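Working notes, beginning with the structure itself.
Bear in mind these aren't lab numbers, they're just calculated from the coordinates by the rules spelled out. Predicted, not measured: the structure shown is a model, and the values here were computed from it. Reconstructed Cβ throughout: ideal geometry from the backbone, glycine too, with neighbour counts over all protein chains shown.
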Amino acid sequence: MDKRRLVGFRKRLEAKYAELDLFLSKTQTVSRELGEKRRGDEGEEATLSYNREMLYSQGDSGRTQLMLVRDALIRLDEGEFGICESCGCSIGFKRLDAVPWTRYCRDCQEEVESGTAVPGER
Ligand SMILES: [Zn+2]
């Protein structure tokens, strides 16, 4: 892949990383605040625990994505960006353009998602 494209991906990944990092520190603050709130009546309590659960699940997917973005940045540093982790072929530019932190080419992603292949065992 040419350098200009790689630089563009790096910028996008770094921006995404910063965005997720901010988002996660925000959810942490909010969930702490929610946790510190005094117990109110039952309805209020239900809303609070619903909010907490929402935050936890958002935080979870945020953390997962943060990891993917971080890994992609490491691959950029190592010159392995855009290479499928499963089959080693290069991932199409269009796919990377849509999801720069993807780890697999389209074929492997489909296999991973349908559960027919164990990533990395080929
Ligand atoms: Zn692949």
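When +1 charges are put on Lys and Arg Cβ atoms and -1 charges on Asp and Glu Cβ atoms, the dipole computed for the chain relative to its Cα centre reaches about 620 debye.
Could you calculate the contour length gain from E33 to R95, that is, 0.36 nm times the residue separation minus the distance between their Cα atoms, to one decimal place in nm?
Working: separation 62, 0.36 × 62 = 22.32 nm, distance 3.93 nm.
Additional length available on full extension: 18.4 nm.
Averaging the sequence gap over all C-alpha pairs within less than 8 Å and six or more residues apart, then dividing by the number of residues, gives the range 1-81 a relative contact order of 48 percent.
Report the extension gain between L48 and F23 in nm, rounded to one decimal, defined as 0.36 nm multiplied by the number of residues separating them, less their alpha carbon distance.
Numbers: separation 25, 0.36 × 25 = 9.00 nm, distance 1.95 nm.
Extending this stretch completely gives an extra 7.0 nm.
Straight Cα distances below 27 angstrom link K3 to the lysines K11, K16, K94, with same-chain residues fewer than 8 positions distant left out.
P(r) for the chain, from all Cα pairs and a bin width of 10 Å, is 12, 33, 25, 17, 10, 3, 0 %, short bins first. Once backbone amide H atoms are built at 1.01 Å from N, I83 has I91 as its partners under 5 Å, excluding neighbours fewer than 5 places away on the same chain.
Rounded to a whole number of µm²/s, how large is the Stokes-Einstein D of the range 82-122 at 37 °C and 0.692 mPa s, given Rh as the Kirkwood radius over C-alpha pairs?
On the way: Rh = 10.0 Å.
Taking Rh from Cα pairs, D becomes 327 µm²/s.
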